[in-house]
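Written below as structure tokens is the structure these notes are about.
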């Protein structure tokens, strides 16, 4: 099936990372690159254009709302509203009125009728994020909405017909929640007419180079700065990091590096510094320099052709060590040579050999 051109940045990211065809939603390719497929609970080529409910599942930060928006943008409801509701962010006491609205006099302070998000999205799509945390009392009302296409406002007796498509998302184990009595089994089956699983980024290291290029392009345009590019070594380091925050964390890392970059291709040192600044709560990050180096070397070996690999990499690492010594010494070659245990003439020769620009290193150290 022909793959259509990608028309927006959201579609580009979603297609590149999750391999979702602009119309198929389940499998596809990105121009110039073939990707591994991912599991989709329903493989029909007509998911987006239908009114079927969709349940998007995956860890936090994997792009579940992006998936919902991609489905919406390629549906027959794309010219109607898209309203996203986070079922955790809104207190339980307010969530019902936010979704279904209320009548005048429904509670103290209800001085007029208020139309809820469901009615506001008439003809469009409602995205229920974190539905696995929705209170049981509201789950029954969502079930009625899906089954009967109608709602009742809080404090009202009138049945209000609705016309919305429901796309829901969760990072919870719904099957366990059902067994524990925290989630309705009938709602579960109503929601998962189409079920899409979004894999965590740590299981997709082959996609890191493309995502890095995408975020560099989009974020540099957003910040109004030039795109410096990124070195293969830096990409290798990113590929070895577990990324507990998935796409969201990956984007934040690239943005942080980009802001402090001086216009030259991003290096492993810049990536390592950005990752190190995440603080002690990032428990799953590499714990020490040796772990990072091992992972970086492993990634290099997996991509190695074998020809002069050892000599080339040793020279690359030697260059990086000299650059760091010069930064620590603030450009003073005598001090750098002493730090490295080299004679000054030997250091001069290595600087010339590796084409190290000391002026740039001094600016970076400042």
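Where a number appears in this text, it was derived from the coordinates with a stated rule and is not lab data. As the structure is a prediction and not an experimental result, all values here were calculated from the model. Because the Cβ atoms are built from the backbone with ideal geometry, glycine has one as well, and the counts that use them run over all protein chains shown.
Answer rounded, prolate or oblate for the range 115-161, using the Cα gyration tensor with square roots of eigenvalues a ≥ b ≥ c: rounded when a/c is under 1.5, else prolate when a/b is larger than b/c, else oblate. Show your work: numbers first, answer last.
Working: a/c = 1.71, a/b = 1.21, b/c = 1.42.
Oblate shape, in that a/c is at least 1.5 and b/c is the bigger or equal ratio.
Need one number: % antiparallel among DSSP beta bridges in the range 75-199, to the nearest 5. Spell out each step's value before the answer.
Working: 4 of 14 bridges.
Beta bridges within the range 75-199, antiparallel portion: roughly 30 percent.
Counting alpha carbon pairs within less than 8 Å and at least 6 residues apart, what relative contact order, in whole percent, applies to the range 135-220? Please report the intermediate quantities before stating the final value.
Values: 42 pairs, mean separation 21.9, N = 86.
Value for the range 135-220: 25 percent.
Express in whole angstrom the spacing between the alpha-carbon centres of the range 85-146 and the range 236-272.
Going from one Cα centre to the other spans 39 Å.
With the Cα gyration tensor of the range 71-187 giving a ≥ b ≥ c as the square roots of its eigenvalues, does the rule (a/c under 1.5 for rounded; else a/b larger than b/c for prolate; else oblate) give rounded, prolate or oblate? Kindly include the intermediate steps, with their values, before the conclusion.
On the way: a/c = 1.77, a/b = 1.15, b/c = 1.54.
Oblate is the answer for the range 71-187, as a/c is 1.5 or above yet b/c matches or exceeds a/b.
I need 348, 112 ordered by Cβ neighbour count within 10 Å, fewest first. Please list the in-between numbers first.
Details: 348 13, 112 8.
So the ranking, lowest neighbour count to highest, is 112, 348.
Note the direction-averaged projected area, equal to a quarter of the hull surface, for the Cα convex hull of the range 118-230, in nm².
Working: hull surface 43.1 nm².
If you wrap the Cα atoms of the range 118-230 in a convex hull and average its projections, you get 10.8 nm².
Of 356, 146, how do they rank once you tally other Cβ atoms within 10 Å and put the fewest first? List each step's numbers first, then the result.
Details: 356 16, 146 19.
The order, fewest Cβ neighbours first, is 356, 146.
Could you give the length gained by full extension between residue 312 and residue 269, i.e. 0.36 nm per residue of separation minus their alpha carbon distance, to one decimal place? Could you put the intermediate results ahead of the total?
On the way: separation 43, 0.36 × 43 = 15.48 nm, distance 1.86 nm.
Result for the pair: 13.6 nm of gain on full extension.
May I ask you to sort 191, 154 by Cβ crowding, counting other Cβ atoms within 10 Å and putting the fewest first? Intermediate values should be presented prior to the final figure.
Working: 191 27, 154 19.
Ranked by crowding around the Cβ, least crowded first: 154, 191.
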